Each structure stands twice: as structure tokens, then as C-alpha cells.
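Encoded as C-alpha cells, the structure appears first; notes follow it.
The values are calculated or read from the model by the stated rules, or taken from the named source; none is laboratory data. As the structure is a computational prediction, the values presented were derived from the model and not from experiment. Positions of Cβ are generated from backbone atoms using ideal geometry, with glycine treated the same way; all protein chains shown enter the neighbour counts. Protein only, heavy atoms only, side chains kept; ligands, DNA and RNA dropped before computing areas. Shrake-Rupley method; radii C 1.70, N 1.55, O 1.52, S 1.80 Å.
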Amino acid sequence: MNNYEIVSPAGNLEKLKFAVLYGAHSVYFGGDSFNLRDKSRNFSHQDIEDALRFCKAHNVKTTFLLNSFVHEDDIKQLREYVKSIEHFDFDAVMISDPATLEIVQNSQLDCRIYLSTQMSTLNHLSANFWHRNGISRIVLARETTLDDIKKIRDSSSVELEIFAHGAVCISYSGRCLLSRYLSGRDANQGACSHPCRWNFALVEEKRPGFHLEIIEHKRDTHILSSKDLCLIHKITSFKDAGVNAFKIEGRMKSLYYAANVTRIYRHALDNPDLNNSFKDFYNSELDLVSHRPYTDDLFNEFSDMENRDVPYIKKVVFLGYINNEEQTDNPVVKTFNPIRPGDIIEAISPLNRDNILDTELTVLEIRNKDTQQPDELARPNSESYIKFDKSIPGNSILRKKMAV
Ligand code: SF4
């Protein structure tokens, strides 16, 4: 058994499946309420049942999110919601609020309890306090330095998880009122409208409506927006410091994002001796998922972290995936963006031992899945038989580089 876990985002059942197939040791997802992604297509009770079945079949752990903050008026509904899920066999639930901890501990839920990064745990006294009170794993505050992680590890036996990759908040570990103040949507209740990513201008008090340009960089002015976190090249240092689990952020991102980032981190953690030779490959793959410019400074060099020039970078179109489990010459493709005969595209595939390299393919023929007739186009949100110039593994994901 490895002594580390890659914890991948599962915004819906389809994303969960691909995170699992591409190397997650563990996945996290939320239900209808009380998690921090209100707008993600969260899991109904039926979805939860399907997710648990799929994860158990693949020996992958599950963390169910109950990590929103709880107002007085929420308590009754939270109790009822926890009651409605207490028969599920999660490996863990994630909480932020001591109220939720108490409700979960007094329920029939029979699983471990993890503490969200929202609790901003930064030191071993806090870690041990939570451990004594029933917490098995703590997602540390994103501001915890590598040195502090080592000190916490030396003085605490609680499991430690950190954010390894993805978007981060400009505010302290996500404790932020911007969204509530500017759009009436509470980030700590899962409804953030991301105003830190808005394009800002300056308005003088006596000239309302007259927007003075703030020149930050040539495209836009995002004075509050942070870069995305990317710890791929420091991951073994954090593992050696005693971190047990590495979280990939992104329940709102595509299944391509969840799958590709998961396979890169899994490969890097499983093959520390290959990290140098795969450095360029990791960089180019992580550049081919949608992101803002990356930083790995968030933990150790927080004061130097630049937060300027943060355009959203998107270099590939996610086309779809092979909806067959096994390698085949004539797969069924579920399409998210149009595919045409003659297109030259790329496939990424689930890790097969350490084989991680991508495949270039030419689309030879498309046939309608129902009529079996040739088609000039595989349309979004449909399934087609597509013949390529070579056979590709089941569950491969198809993408196309965008023209620059
Ligand atoms: S507005 Fe930005 S900083 Fe605040 S919670 Fe939302 S994403 Fe985080």
C-alpha cells in the first residue's frame, strides 16, 4: 500500500468515474446541500449509491462533503440531511463547522471525519485539538509552509492533507466575504460568484458610471485574482515532510481536467525517480488543462506571490471520450464538442503501469450510433461510432489543440 493518496474532484458521476480510472486513490463529492460547490451538479441519493458502488469496485476511497458553515436556521435541515445519508458507506465525511462535527458524531454515520481547509489549521496544537475531538485527517490551511508541515508532523499523528493543484482563493484559506458583499452569494455556503476574478475599474465618487481604466496588464485588470497552485515539482518534498493526501481542486472543471491532472500527479508520486525525465511532459500536460498562470509559491514564499497578469489559459478543446472499457478499432465516442472526419486529434489514456504518453489520431469515419449511417459530424452531447487510423485504449479522452 502507498502511504499517500491523490484526492480528486468529482463534480458529477461521469467526472468521478474518470478521476478513478485515471489514478485517483480517493474522490470527494457533495450532495444536494451543505457543501461548498452549490453550483456544481451535485450528487442525488441515487448518484451517491452509484458512486459508492463504482469506487468500491475500483478500491477507491470516498469523501462526502458536508463542509459549509452552519447558520442557526440551517441546523434542523442539516440534522435531517445527515439522517438521510447515514446509511451510506462513505470512507469519510469532510466538515468545517463544529456544529456539523457534533451532528455527524451523534448520527449513525459510520466513517472517518476529516476537517476542511476552511478551519485554517496552521499548527500542531490546533491539529492535536481536532484529533482529540474525533478528526482523523486535517486539510491544512493553504498558507501552511513546508517547514510548518514538518513541525506539525513531528508533533501530531493526525493525517495531513494539502491542496496540491488548482485554483486558490486570494483570501485566507477561502474565508471570504467578497461574494456575499458584492453579489449576495455566500462563499462559505457554497455559492461563491468569484468576484475576485472580475475585471475591475476605478470610479471617482462624483462621477458614477465613469470607469477609469486601471492598467494592470494588456488584457484585463484582475487586481484580486490569484494564480493557480501547481505543486507538481515539489510534490515529493511534501510527501517526505509527512503529508498523507494531495487534493486536486476542481469539481466545477471538466472530466478531462480531473482525469489529466490526476494521472500526472499519480505518475509523479508513483515514480519519483522518473520525475526529472518527465518534467517537460508534466509541464506541457498541466499547461493543456484550463488554468491561470501557475505558482508553487503559495506555501513557502507567500509574501512573494504575484497576483498580476492572471488571464485564463485554455489551449485545448475537450472533444469527448471513448465509451468502451476495452481497446477497440471502432469505439463509441461520447462527444462534448464537434468531431469531423479528417480531424487530427489527441488521446490521453488511463495509466497502464507507468505508460503515460499521449497518442495522435486521425479521424477516418464517423457513423451515427443509432442508424449506423455515415455522418459528416459527431455532434456535442451525442454518441457516434468513430473509426481512427489506429486503435486506442478504452476510456481514452479525446482533445484537440486550439489554433494560436
Ligand atoms: S470571491 Fe474569490 S477569494 Fe472570495 S471565496 Fe470566492 S473565489 Fe475565494
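Some observations on this one:
- When the chain is described by a simple charge dipole with +1 on each Lys and Arg Cβ and -1 on each Asp and Glu Cβ, the residue from Ser156, Ile103, Asn199 located farthest towards its positive end is Asn199.
- Check: the chain dipole with +1 on Lys, Arg Cβ and -1 on Asp, Glu Cβ, in debye: 380 debye
- FRET efficiency estimate (nearest 0.05) - Cβ-Cβ, Ser277 to Ile344, R0 25 angstrom: 0.40
- Charged-residue dipole, Cβ positions (Lys, Arg, Asp, Glu), the range 316-401 about Cα centre, Debye nearest 20: 220 debye
- Top positive-direction residue, dipole computed over the chain with Cβ charges, set His25, Ser225, Leu140: Ser225
- Per-pair calculated FRET efficiency, R0 = 35 Å: Leu125 and Lys400 via Cβ, rounded to 0.05: 0.10
- The distance separating the Cα centre of the range 49-86 from that of the range 195-211 comes to 41 Å.
- Taking the centroid of alpha carbons for each part, the range 120-173 and the range 329-351 are 41 Å apart.
- For the range 132-197, radius of gyration divided by Kirkwood radius, i.e. Rg to Rh on alpha-carbons: 1.08
- Ranking by accessible area, most exposed first, for Trp198, Trp130 with a 1.4 Å probe: Trp198, Trp130
- Residue-level accessible surface for His45, protein heavy atoms, 1.4 Å, Å²: 60 Å²
- Computed [θ] at 222 nm, helices only, for the chain once each DSSP H run of length n ≥ 4 contributes -39500 (n - 2.57): -7000 deg cm²/dmol
- Approximate spin-label separation Lys315-Asn59, in nm, with each point projected 7 Å along Cα-to-Cβ: 3.5 nm
- Apportionment of accessible area to carbon and sulfur, the chain, percent (1.4 Å): 48 percent
- Legend: translational diffusion of the chain by Stokes-Einstein, Rh = Kirkwood radius over C-alpha pairs, 25 °C, 0.890 mPa s; D = 109 µm²/s.
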